[in-house]
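Novice: Please see the structure below; I have some questions.
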Amino acid sequence: AQKVTQAQTEISVVEKEDVTLDCVYETRDTTYYLFWYKQPPSGELVFLIRRNSFDEQNEISGRYSWNFQKSTSSFNFTITASQVVDSAVYFCALSDVRGDTGRRALTFGSGTRLQVQP
Amino acid sequence: DTGVSQNPRHKITKRGQNVTFRCDPISEHNRLYWYRQTLGQGPEFLTYFQNEAQLEKSRLLSDRFSAERPKGSFSTLEIQRTEQGDSAMYLCASSPSRSVNYGYTFGSGTRLTVV
């Protein structure tokens, strides 16, 4: 069964600090995708990154970076020089594919609430 | 077309009443999903449509829940005889048919409160 664990329920940092959000996943699929979404107080899920299981290169996008390690089934997310606008709930998610129906659902972790204090 | 639209944004209802939510996906997306998100949790998959066909329902979807997607365009999610445990955010997402890399787009959700 698919499972995504985000052990950090809430993290509070002061602006300009770096912060890392942890994500550990379980899957029996050999090919899968991992995602990070941001959910601000307004409620919509904002897509941040998608990474497939064959690509273990780390990725950097501005202040955001992601560290994918297949050996430890982890896909961690780091925000460098955090800002107040980064305050939100962040979700890690794993692809959940069913071949006979074509369904491509997502299995989400329980989220990490990030509070960035000014 | 600016994205996935959900209406209403908020709904407060008394226990036992029926409610219906609407989702308008991105027009060229033929796959549509409903998710439910309770407080402090991540979204959980409820059901999936490919065009007008409902191809899968999660065990989370009890008999009081019904979803439709007439003509493969907008979708509705109805909850009959609402219970307090139905209070949650209901999210809709759509993706194109050849979305091998999960080209998902989520709506802003409908927040249901059952009192």
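The values are calculated or read from the model by the stated rules, or taken from the named source; none is laboratory data. Values in this document were obtained by computation on a predicted structure and should not be read as measured data. Neighbour counts are summed over all protein chains in view; Cβ atoms, including those assigned to glycine, are modelled from backbone coordinates with ideal geometry.
Novice: Restricting to the stretch A:40-75, and then to whatever is in a loop (DSSP other than H, G, I, E, B), away from chain B (no Cβ under 14 Å) and of a type in the set (S, T, N, Q), can you tell me which residue is farthest from B:GLY3 (Cα to Cα)? Lay out the reasoning, then the answer.
Specialist: Narrowing the stretch A:40-75 to residues in a loop (DSSP other than H, G, I, E, B): A:40-45, A:53-58, A:62-63, A:73.
From what's left, away from chain B (no Cβ under 14 Å): A:56-58, A:62-63, A:73.
Still in the running and of a type in the set (S, T, N, Q): A:57-58, A:73.
On the way: A:GLN57: 30, A:ASN58: 29, A:SER73: 32 Å.
That would be A:SER73.
Novice: Could you pull out the residue among A:VAL14, A:VAL89 that is away from chain B (no Cβ under 14 Å), among the aliphatic types (A, V, I, L, M) and in contact (Cβ under 8 Å) with a residue 12 or more places away in the chain?
Specialist: On the way: A:VAL89 fails: away from chain B (no Cβ under 14 Å).
Just one listed residue meets the conditions, A:VAL14.
Novice: Another question, if that's okay. For the stretch B:42-70, give me each residue that is within 12 Å of chain A (Cβ to nearest Cβ), in a loop (DSSP other than H, G, I, E, B) and at pLDDT below 95. Break it down into steps so the answer makes sense when it comes.
Specialist: If we filter the stretch B:42-70 for residues that are within 12 Å of chain A (Cβ to nearest Cβ), which is where we start, we get B:42-51, B:53-58, B:60.
Subsequent filtering for residues that are in a loop (DSSP other than H, G, I, E, B) retains B:42-43, B:51, B:58, B:60.
Result: B:ASN51, B:SER58, B:LEU60.
Novice: Could you list, in sequence order, all residues of the stretch B:71-84 that are at pLDDT 95 or above and not hydroxyl-bearing (Ser, Thr, Tyr)?
Specialist: Quick first cut of the stretch B:71-84, residues at pLDDT 95 or above only: B:74-84.
Scanning the stretch B:71-84 gives B:PHE74, B:LEU77, B:GLU78, B:ILE79, B:GLN80, B:ARG81, B:GLU83, B:GLN84.
Novice: Against the condition hydroxyl-bearing (Ser, Thr, Tyr), in a strand (DSSP E or B) and either more than 14 Å from chain B (Cβ to nearest Cβ) or exposed (fewer than 12 other Cβ atoms within 10 Å of the Cβ) (or both), how does A:THR31 come out, does it pass?
Specialist: On the way: hydroxyl-bearing (Ser, Thr, Tyr): yes; in a strand (DSSP E or B): no; either more than 14 Å from chain B (Cβ to nearest Cβ) or exposed (fewer than 12 other Cβ atoms within 10 Å of the Cβ) (or both): yes.
Considered against the rule, which asks whether it is hydroxyl-bearing (Ser, Thr, Tyr), in a strand (DSSP E or B) and either more than 14 Å from chain B (Cβ to nearest Cβ) or exposed (fewer than 12 other Cβ atoms within 10 Å of the Cβ) (or both), A:THR31 comes out as no.
Novice: Of B:ARG22, B:ARG31, B:ARG64, B:ARG81, which residue is more than 19 Å from A:GLN39 (Cα to Cα), surrounded by fewer than 13 Cβ atoms within 10 Å (Cβ to Cβ) and of a type outside the set (Gly, Ala, Ser)? Don't jump to the end; show me each part of the working.
Specialist: Details: B:ARG22 fails: surrounded by fewer than 13 Cβ atoms within 10 Å (Cβ to Cβ); B:ARG31 fails: surrounded by fewer than 13 Cβ atoms within 10 Å (Cβ to Cβ); B:ARG64 fails: surrounded by fewer than 13 Cβ atoms within 10 Å (Cβ to Cβ).
Answer to the check: B:ARG81.
Residues are listed down the side, and each one gets a yes or a no for (1) surrounded by fewer than 21 Cβ atoms within 10 Å (Cβ to Cβ); (2) at pLDDT 95 or above; (3) on the phi < 0 side of the Ramachandran plot; (4) of a type in the set (A, V, I, L, M):
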residue	(1), (2), (3), (4)
A:ALA81	yes, yes, no, yes
A:SER87	yes, yes, yes, no
A:VAL97	yes, no, yes, yes
A:SER110	yes, yes, yes, no
A:ARG113	yes, yes, yes, no
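Novice: Looking at (1) closer than 15 Å to A:ASP86 by Cα; (2) assigned to a loop (DSSP other than H, G, I, E, B), which one does A:TYR37 not meet, given that it meets all the others?
Specialist: Every condition holds for A:TYR37 apart from (2).
Novice: Select from the stretch B:6-31 the residues that are within 11 Å of another protein chain (Cβ to nearest Cβ) and outside any loop (DSSP other than H, G, I, E, B) and write down the one among them that is farthest from B:SER66 (Cα to Cα).
Specialist: Within the stretch B:6-31, the subset within 11 Å of another protein chain (Cβ to nearest Cβ) is B:6, B:9-10, B:30-31.
Those left that are additionally outside any loop (DSSP other than H, G, I, E, B): B:6, B:10, B:31.
On the way: B:GLN6: 17, B:HIS10: 19, B:ARG31: 17 Å.
Of everything passing the filter in the stretch B:6-31, B:HIS10 is farthest from B:SER66 (Cα to Cα).
Novice: Does A:ILE60 qualify as being among the aliphatic types (A, V, I, L, M) and either under 23 Å from B:TYR90 (Cα atoms) or free of Cβ contacts under 8 Å to residues at least 40 places away in the same chain (or both)? Break it down into steps so the answer makes sense when it comes.
Specialist: Values: among the aliphatic types (A, V, I, L, M): yes; either under 23 Å from B:TYR90 (Cα atoms) or free of Cβ contacts under 8 Å to residues at least 40 places away in the same chain (or both): yes.
In short, yes.
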